[in-house]
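Notes follow the structure.
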Amino acid sequence: MTDEIASPAMRYKEIVGLARGSAENLRAWELARADEIERQLAEAQAAVAEAAQREVKARERAARWWKMALHNVSRLTFLEPPDEPQPVPTARAQYLDRYLEEVKPSYQELVQAVLALGWRAKR
């Protein structure tokens, strides 16, 4: 009979020990997950800050190109320049460098076109 009484007591201690171990494992997992989430949050904040800096630089660069284009077009009296271009919300951020690279050849085409119009006007 003592075996029957000891056996449930031992089983109880075993269950309590397992529950305590599970609680410690869960606590350790939660702490590790919290550290992982904090790391991901820090990475995301850094990425947002970097993207904001890239946006500012891209806006400044676009504004410089726009001013140079306006300067060239201002000599054409028959052409009224449009408003300053605005960012396109559907543009893909990963293509920013490609978009910026397309500006220079387009500007050079504009300059050549203005020069060609100026030459014809002098004739």
- Item | Residue check for Gln45: under 30 Å from Arg98 (Cα atoms), open to solvent by 100 Å² or more (accessible area, probe 1.4 Å) and modelled with pLDDT under 95 | no
- (1) outside any loop (DSSP other than H, G, I, E, B); (2) open to solvent by 90 Å² or more (accessible area, probe 1.4 Å) all hold for Pro89 apart from (1)
- Considering region 58-67 alone, what residues qualify as being touching a helix residue (DSSP H, G or I) at 6+ places or on another chain (Cβ under 9 Å) and open to solvent by 80 Å² or more (accessible area, probe 1.4 Å)? Arg61
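The values are calculated or read from the model by the stated rules, or taken from the named source; none is laboratory data. The structure presented is a predicted model; accordingly, all values stated were derived computationally and were not measured. Here the Cβ is made from the backbone with ideal geometry for all residues, glycine too, and neighbour counts use every protein chain on show. Calculation scope for accessible area: heavy atoms of the full protein, side chains included, ligands and nucleic acids excluded. Shrake-Rupley method; radii C 1.70, N 1.55, O 1.52, S 1.80 Å.
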